[in-house]
Amino acid sequence: MSDIVVKTEDVVKEYRMGSNVLRALDGINIEIQRGEYISLMGPSGSGKSTLFNMIGALDRPTEGQVYIDGQNMSNLSQRQIAAFRCHRVGYIFQSYNLLNVRTAHGNVTLPMIFAGIPDKQRNEKAEKLLDMVGLGDRMYHLPDELSGGQRQRVAIARALANDPSIVLADEPTANLDTITGREIIDLIKKLNTQQGVTVISATHDLKMLDVSDRIVDIRDGLVERIRNREEIEIQVGEVGGHE
Amino acid sequence: MNQRAPIEEQIDLPFVESLRISFQSLKIRFGRSIITTAGITLGIAFLVSVWTNNEIELALQESGRSSEITGLDEAAEQGISTKDIWLIIMSLIVCVVGIANSMLMAVTERFREIGTMKCLGALDGFVVRLFLLESGFQGFAGALIGALIGLLGAVVLGLKNYGFDLFFYFPLLPAQPENGPFQLGVLLLILLGCILGMILAIIGSSFPAWRAAKLPPAEAMRTEV
């Protein structure tokens, strides 16, 4: 199977800070297969979140191209980019990014509102998704009334609202304790194996290692190395010991 | 699920949907909405009270009973005095700055929300429309309350200064006296106050909302207040 879902070509991202130019990405080339679970690993400041933003069309690269489903993202119109974010990708963030003015249910229905799905249909779907992530009894609570782990579950349900083919997770466990983090990882892994969703996760959580098919190590805006699952499995025991 | 079809175009949302989302947001952020609205209310109350007070003075002068009415300043016999003009201009400035400031703050603290909505597939125009609706409603409600408070203030002040004669010559409707400046009348003043409050609120919020909506979501979400 060589069905490439994401491909980046010499992606460069520079941030201008006053007179200084910070080169966050320095020419990134990766290919991600459909159905893979990829972890982008690296210390903070390595550029992994920046790369995450480029793949998710949340920011524009300074140079280089990002292709998703064979489509060059820089050629898309405003409306196409909005539709891309709405239908093809589900985002999960470190700080959950739920809308505090909407209930858990309201958060999950929002992407479906943007997709133009009728009232009844989207309500049912939201209930089903919240049930699936184990929040069936807290559907109509506001995010402020939920724990961190519960909020992240709402975010996962919301990410899945429009049946995306890619789930992008930016440090999804960074604000959670070890056990809750483990549960969230298992949930994301389940989506990957059971529904065939491609998962791309920026992380430096070592627990993410043993569920990943491949790990892309990012350092100083460059791909340092790409490790396969086989290589990882050897290391897991060792890593687990430290946890 | 595994689409390889070309990426389609995002649809426009029906207006009712925007209306529903904006009202929901106002309702849940009620406390915060009240504070923002209070900023508008204060500005308009100040403007309307100064203006109404001025209209009352003019009306009483026009009534020809100025000599009988105690307290009416004889030096300012005819027309609006320079002092009054200054007071109106000052109140207008306070009103503009106050409203612009409270709307600007209200939008800036929601940059992250704007970024998030864009991640979920919102079009820039939708985000702007949402803020336009919210601020328009807040502006109108705040200004209406402010205008009524201002009117009440001016009437109380007028009663204190001129007694009940005030009500015989109350400048409710627009009038053009034979020799004197055109008088807007209090009803028109209230209407103008409401429109002004609404327009200022809309400008004050949709400009920063438009700017935030144009940003790439990653950047909008990075913004911390």
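The values are calculated or read from the model by the stated rules, or taken from the named source; none is laboratory data. A quick note: this is a predicted structure, and the numbers were derived from the prediction, not measured. All Cβ positions, even for glycine, are placed from backbone atoms using ideal geometry, and neighbour counts span all protein chains on display. Only protein heavy atoms, including side chains, enter the accessible area calculation; ligands, DNA and RNA are left aside. Shrake-Rupley method; radii C 1.70, N 1.55, O 1.52, S 1.80 Å.
Mind checking which residues of region A:43-63 are among the hydroxyl-bearing types (Ser, Thr, Tyr) and closer than 12 Å to residue A:200 by Cα? Matches in region A:43-63: A:49 only. Of all residue pairs spaced 6 or more apart or on separate chains, those with beta-carbon atoms under 8 Å, a first member in region A:201-225 that is free of Cβ contacts under 8 Å to residues at least 60 places away in the same chain and a second member that is crowded, with 20+ Cβ neighbours inside 10 Å and assigned to a helix (DSSP H, G or I) are A:205/A:181; A:205/A:185; A:207/A:181; A:207/A:185. Looking at (1) under 19 Å from residue B:19 (Cβ atoms); (2) at pLDDT 95 or above, find the lone condition where residue A:108 falls short. Looking at each condition in turn, residue A:108 falls short on (1). Filtered by the rule that a residue be within 20 Å of the chain's Cα centre (by Cα) and open to solvent by 100 Å² or more (accessible area, probe 1.4 Å), region B:204-215 gives B:207, B:210. Looking at region A:57-92, which of its residues are under 13 Å from the mean Cα position of the chain (by Cα) and at the interface with chain B (Cβ under 8 Å from one of its Cβ atoms)? A:58, A:85, A:88, A:91, listed by residue number. Could you check, for region A:15-35, whether at least one of its residues is farther than 29 Å from residue B:126 by Cα and in contact with a Pro (Cβ under 8 Å, 6 or more places away or on another chain)? Yes, region A:15-35 contains a residue that is farther than 29 Å from residue B:126 by Cα and in contact with a Pro (Cβ under 8 Å, 6 or more places away or on another chain). When the helices (runs of 4 or more DSSP H) confined to region B:118-225 are screened for residues that are within 30 Å of residue A:52 (Cα to Cα) and touching a residue at least 40 places away in the same chain (Cβ under 8 Å), those reaching at least 2 such residues are found at B:124-162, B:186-214, B:217-222.
Taken residue by residue, region B:203-217 has no member that is β-branched (Val, Ile, Thr) and touching a helix residue (DSSP H, G or I) at 6+ places or on another chain (Cβ under 7 Å). Take the conditions (1) surrounded by 23 or more Cβ atoms within 10 Å (Cβ to Cβ); (2) more than 14 Å from every other protein chain (Cβ to nearest Cβ); residue B:122 misses just one of them, which is (2). The residue list A:65, A:94 contains one member that is touching a strand residue (DSSP E or B) at 6+ places or on another chain (Cβ under 7 Å), farther than 18 Å from residue A:198 by Cβ, surrounded by fewer than 16 Cβ atoms within 10 Å (Cβ to Cβ) and in contact (Cβ under 8 Å) with a residue 12 or more places away in the chain, which is A:65. Residues of region A:147-173 that are closer than 29 Å to residue A:69 by Cβ and surrounded by fewer than 17 Cβ atoms within 10 Å (Cβ to Cβ): A:163 alone. Once region A:109-125 is narrowed to residues that are assigned to a helix (DSSP H, G or I) and open to solvent by 50 Å² or more (accessible area, probe 1.4 Å), the residue that is farthest from the other protein chains (Cβ to nearest Cβ) is A:124.
For region B:40-53, filtered to residues that are open to solvent by less than 20 Å² (accessible area, probe 1.4 Å) and more than 14 Å from residue B:190 (Cβ to Cβ), the residue that is farthest from the other protein chains (Cβ to nearest Cβ) is B:43. Filtering A:31, A:9 for residues that are open to solvent by 30 Å² or more (accessible area, probe 1.4 Å), away from chain B (no Cβ under 13 Å) and either free of Cβ contacts under 8 Å to residues at least 24 places away in the same chain or within 18 Å of the chain's Cα centre (by Cα) (or both) leaves a single hit, A:31. Region A:1-94 holds strands (runs of 3 or more DSSP E) entirely within its bounds, and those carrying 1 or more residues that are farther than 24 Å from residue A:156 by Cβ map to A:4-17, A:20-28, A:31-33, A:63-68.
Return yes when residue A:144 is open to solvent by 20 Å² or more (accessible area, probe 1.4 Å), over 28 Å from residue B:16 (Cβ atoms) and either at pLDDT 95 or above or over 17 Å from the mean Cα position of the chain (by Cα) (or both) and no when it is not. The answer is no for residue A:144. If you filter region B:4-23 down to residues that are assigned to a loop (DSSP other than H, G, I, E, B) and touching a residue at least 24 places away in the same chain (Cβ under 8 Å), you find that the one that is farthest from the other protein chains (Cβ to nearest Cβ) is B:12.
Does residue B:91 satisfy the condition of being of a type in the set (Ser, Thr, Tyr), farther than 19 Å from residue A:98 by Cα and buried (at least 24 other Cβ atoms within 10 Å of the Cβ)? When the stated conditions are applied, residue B:91 does not pass them.
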